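Working notes, structure below.
The values are calculated or read from the model by the stated rules, or taken from the named source; none is laboratory data. In this text the structure is predicted, and so the values were computed from the model without any measurement. All Cβ positions, even for glycine, are placed from backbone atoms using ideal geometry, and neighbour counts span all protein chains on display. Heavy atoms of the whole protein, side chains included, go into the accessibility calculation; ligands, DNA and RNA do not. Shrake-Rupley method; radii C 1.70, N 1.55, O 1.52, S 1.80 Å.
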Amino acid sequence: MTLTIRNLRKTYGRGTAARTILDGIDLTVAAGECVAIVGRSGCGKSTLLRLLAGLDADYDGTLLHDGAPIAGTDLRRGIVFQDHRLFPWLTLADNVGLALADLPLPAAEKRERVRARLAAFGLGDYLDAYPKAISGGMAQRVAFARALVNRPSVLLLDEPFGALDAITRTHLQQELLALWQAEGLTVVIVTHDIEEAALLAGRVVVLDQHPGRIRRVHDVPLPYPRRRGDPAFGAVHDRLMAEFQDDLARAA
Ligand SMILES: Nc1ncnc2c1ncn2[C@@H]1O[C@H](COP(=O)(O)OP(=O)(O)OP(=O)(O)O)[C@@H](O)[C@H]1O
Ligand SMILES: [Mg+2]
């Protein structure tokens with residue numbers, strides 16, 4: 001049951017300036033699922049993710065997390081954006097520790113949680129480093145550590161690897177898969193990258209535009225780890241790519 005979206009409608013602006021971005025969205029994401037959301041630029045993917053995160057409470061319809069309405073952010077939902085959004089004046093440990101600020105835990109336990117999370121991302125030697133001293137891939141790992149330090153059950157990802165080079169992206173995709181499997185997380189990942197969707201997701205949701213609706217949901221019934229060279233993987237990839245070739249043909 002985890003995430004339930006029913007008849008979701010999102011409009012930006014008022015009166016004559018009102019623009020409906022999402023309309024009639026229905027989707028249920030089960031506990032432990034990894035769902036990818038793809039669609040053309042501007043179709044409302046980030047809008048949908050922000051609504052799920054509770055960063056935007058202005059919508060019509062129903063959004064539930066474990067049956068309870070989503071009304072504001074929640075420690076049970078972690079979020080990672082394309083840019084790491086770390087504070088440059090804080091160490092990596094303090095950046096991650098901020099996410100624990102409101103938890104009634106002893107300081108020593110918070111420190112240990114932060115250390116363990118950063119260590120799990122290979123950053124155990126960088127607790128006292130500042131964001132400017134680390135690479136883009138490392139900074140994005142810190143963003144994941146910050147999103148996970150509260151032990152959320154749901155991880156919401158908005159093109160989390162979009163700004164990384166291909167090698168770093170591949171590493172982080174593998175780390176995400178390992179984490180997802182080890183911790184039983186529920187993952188919703190917005191991506192521009194069809195291959196990434198096919199590598200990671202059990203279902204791929206294709207969003208349409210004007211207004212954003214779900215055009216189709218593709219099942220990806222392939223075991224993990226998935227290999228790019230595998231013919232079954234290639235078939236899924238082609239099926240997803242075809243969604244966008246239709247788009248181009250219609251535009252022509
Ligand atoms: N705060 C806002 N106020 C008004 N319009 C907005 C706001 N945020 C987004 N929009 C508009 O809503 C539409 C959807 O934006 P959104 O960022 O959700 O798209 P997206 O699918 O994530 O695009 P991209 O793939 O480029 O990231 C766009 O037309 C955008 O201009
Ligand atoms: Mg976006």
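Just a few scattered comments:
- A simple count of charges around G24, restricted to other residues whose Cβ falls under 13 Å of its Cβ and scoring Lys, Arg +1 and Asp, Glu -1, yields +1.
- Pairs of alpha carbons in the range 82-148 whose separation is greater than 15 Å (percent): 42
- Accessible area in the full protein assembly, largest first, 1.4 Å probe, for Y130, Y224: Y130, Y224
- Residue-level accessible surface for E112, protein heavy atoms, 1.4 Å, Å²: 90
- Nearest 10 degrees, 0 to 90: helix 166-183 Cα axis against the chain principal axis: 80
- Degrees separating the helix 136-148 axis from the principal Cα axis of the chain, which is the longest one: 90
- Relative pair counts by distance (%), Cα atoms of the chain, 10 Å bins: 7, 30, 34, 22, 7, 1, 0
- Taking label points 7 Å from Cα along the Cα-to-Cβ direction, A163 and D83 give a separation of 0.6 nm.
- For the chain, averaging the sequence separation of C-alpha pairs within contact (under 8 Å, six or more residues apart) and dividing by the residue count gives a relative contact order of 26 percent.
- With a simple spin-label model that places each label point 7 Å from the Cα along the Cα-to-Cβ direction, the separation between S135 and E195 comes to 1.8 nm.
- Computed magnitude of the charge dipole of the chain (debye, nearest 20; Cβ of K, R +1, Cβ of D, E -1): 220
- About its Cα centre, the range 82-148 has a charge dipole of approximately 100 debye under the convention of +1 per Lys or Arg Cβ and -1 per Asp or Glu Cβ, with nothing else charged.
- Largest first, the residues W180, W89 sort by 1.4 Å accessible area into W89, W180.
- Within the assembled protein chains, the solvent-accessible surface assigned to I21 is about 20 Å², based on a 1.4 Å probe.
- Extension gain, A71 to F244, is 58.9 nm, computed as 0.36 nm per intervening residue step minus the present C-alpha separation.
- Among beta bridges identified by DSSP and lying wholly in the chain, the antiparallel ones come to about 50 percent.
- Over the chain, DSSP H runs of length four or greater, each weighted -39,500 (n - 2.57), average out per residue to a 222 nm ellipticity of -11000 deg cm²/dmol.
- In this label model, T16 and A101 are separated by 4.2 nm, measuring between points 7 Å along each Cα→Cβ vector.
- FRET efficiency estimate (nearest 0.05) - Cβ-Cβ, D94 to D26, R0 45 angstrom: 0.65
- Selection from L64, L27, Q173, by position along the positive dipole direction of the chain (Cβ): L64
- In degrees, nearest ten, helix 107-120 long axis to first principal axis of the chain (Cα): 60
- The range 45-92 and the range 139-212 have Cα centres separated by 14 Å.
- Counting only heavy atoms of the protein chains and using a 1.4 Å probe, Y126 has close to 90 Å² of accessible surface.
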